[in-house]
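Colleague: Before I ask anything, let me first share the structure, which is written out below as C-alpha cells.
The values are calculated or read from the model by the stated rules, or taken from the named source; none is laboratory data. Just so you know, these numbers come straight off a predicted model, no measurement behind them. Note that we place each Cβ from the backbone using ideal geometry, even for glycine, and neighbour counts take in every protein chain shown. For the accessible areas, the whole protein counts, side chains as well, though only heavy atoms, and no ligand, DNA or RNA atoms are used. Shrake-Rupley method; radii C 1.70, N 1.55, O 1.52, S 1.80 Å.
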Amino acid sequence: MTARRRAEFVQEAVYRISHTANAADNLQELLRAIHAIVGELMPAQNFYVSLYDAENDRLEFPYFVDEYDSARDVRRASSAGTHRIRVADRQPLLATPEVYESSSRPAKRS
C-alpha cells in the first residue's frame, strides 16, 4: 500500500469514527464501532479504552476486549505500565513491546 493510499485510509477511518460519535446511541456502541474501525487499520484483537481518575489514581475500563483476559473494571494507575508512561509526559503512546518493557523499570527521580 502506498503512503498516499494509507493516508486516505486513515482519513476515512477518522471520518467514520467522527460520524459514529454523532450517531451512536450509547458509549458501548461507540466504543465497539471504534474498535472495529481500528481493527481495519491494524491488528486489534486486544483493545481497550481506559479513563484516568486522577483524584483516586485509578484506571477505569469502560471498554475492554482481550483474547485471553477477562474485563477489568478498575485498576491502580501505578500498576498499569502503559498508563504510567502516558501520565508522565501527557502525550499519546503506542506501547510497543520495547516501550512496555522499559515502562516496567522504576522511574528515575530528579
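Colleague: Across region 1-34, which residue is most open to solvent (accessible area, probe 1.4 Å) among those that are more than 17 Å from the chain's Cα centre (by Cα) and hydrophobic (A, V, I, L, M, F, W, C)?
Modeller: Checked region 1-34; the qualifying residue most open to solvent (accessible area, probe 1.4 Å) is Met1.
Colleague: So which residues in region 1-21 are hydrophobic (A, V, I, L, M, F, W, C) and assigned to a helix (DSSP H, G or I), if there are any at all?
Modeller: Passing the criteria: Ala3, Ala7, Phe9, Val10, Ala13, Val14, Ile17, Ala21.
Colleague: OK, next. Does region 35-49 hold any residues that are surrounded by 11 or more Cβ atoms within 10 Å (Cβ to Cβ) and closer than 13 Å to Val65 by Cβ, and which are they?
Modeller: Let us first name the residues in region 35-49 that are surrounded by 11 or more Cβ atoms within 10 Å (Cβ to Cβ), namely 35-41, 44, 46-49.
Correct list: His35, Ala36, Val38, Gly39, Ala44, Asn46, Phe47, Tyr48, Val49.
Colleague: Provide a single number: the residues in region 22-47 that are under 20 Å from Glu60 (Cα atoms) and either of a type outside the set (Asp, Glu) or outside any helix (DSSP H, G or I) (or both). Spell out how you get there, then give the answer.
Modeller: Restricting attention to region 22-47, the residues satisfying the condition of being under 20 Å from Glu60 (Cα atoms) are 26-35, 44-47.
With the extra rule that they be either of a type outside the set (Asp, Glu) or outside any helix (DSSP H, G or I) (or both), the set shrinks to 26-28, 30-35, 44-47.
Within region 22-47, residues that are under 20 Å from Glu60 (Cα atoms) and either of a type outside the set (Asp, Glu) or outside any helix (DSSP H, G or I) (or both) number 13.
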